[in-house]
Amino acid sequence: MRARGFLVAASALALTACAAGPPPEVATPVPVLPDAFLFAPDPSASASLAALMPVADPAFDTLAAQALASSPTLGEAAARVEEARAGADRAGAERLPEIGANGSVTGQRSNPGSFGGGLPPGISFDTERVSYAANVTARWDLDLFGRLRAQERGALARFDAANARARAVRIALLAEIAASVIDWRTLEAREREIRSDLASAEELARLAGVRERSGIAPGFDRVRAQGSAAGSRSRLVALESERARLLGRLVTLTAQGGAQVRAALAQKNPAALGPSPPATLPSALLANRPDVIAAAADLAAA
């Protein structure tokens, strides 16, 4: 009976193994890409981050330098980079032999009176003794199955991810400062144009008033010119609120006081607009994004 039960169990296991079988293989062929694109840009068209920033603007140069020197966000990112570097160094050191050394000095003093009486003639001993000791230890864990090497590769990948995230923080910070400075310069240009329109509208209202008093033209022309001047004044008031918003934004980004930021923005910009971004493929822009690089490094570390 026992033999028959054993044969039945073995047959059931064999049938189960046959029914399960190996996992199916899913074919994932590599997609065939075209040799060239219709609207592909010139391969030589490229630009660095500095070329896209308004580096000729003294206000941007001042605020960017202040932000890079004292921004808490950049300090936090730099601390993460140092932490990842230390982890990579430790992972690499664990693959090397570990050698340790220590030493000790021990002093001992004896009281002759502790023997309860005098010693026989001709017998003496040292009441103070000093002993020295030194030890040297060595240990080396053989990486038989590649565990230590895998840990080192993971630590290096996490270091790359921390570097990419630090670059992302730096790029985001500089881009926000550049956008705020450009908006500030745009407001200055708008203010100049609005003040010019205001002066023209006031002069037109004055001339229309003269014509009205002379009986040459009706009072509608004067009222319309005065309405245009009032609209220009309201737009000037709206610009002040926009300036306050940009000033508060730059104070947050640079971790500087409002007076320092306002003094930096008061510097005149002798340069024109910055260069246009170069034409490039969206895939190239996506591959160069720091957050994508950091995600790829995290995946490699995992």
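What to note about this one:
- Whole-Hz couplings from phi, Karplus 6.51/-1.76/1.60, listed for segment 202-208; x for Gly and Pro: 5, 5, 5, 5, 5, 5, 5
- Residues PHE159, PHE220 arranged by fewest to most Cβ contacts within 10 Å: PHE220, PHE159
- Fewest-first ordering of TRP184, TRP140 by other beta carbons within 10 Å of each residue's beta carbon gives TRP140, TRP184.
- Linear extension gain, ALA150 paired with ALA238, 0.36 nm per residue minus alpha-carbon span: 25.7 nm
- Net charge in the neighbourhood of ARG249 (other residues with Cβ under 12 Å of its Cβ; Lys, Arg +1, Asp, Glu -1) is -1.
- Cα-based shape type of segment 178-245, given that a ≥ b ≥ c are square roots of the gyration tensor eigenvalues and the cut on a/c is 1.5: prolate
Throughout, read-outs are computed from the coordinates displayed, never taken from laboratory work. Predicted model, so just to flag it, every value in this text is computed and none were measured. With ideal geometry, Cβ positions are generated from the backbone for all residues, glycine too; neighbour counts draw on all protein chains shown.
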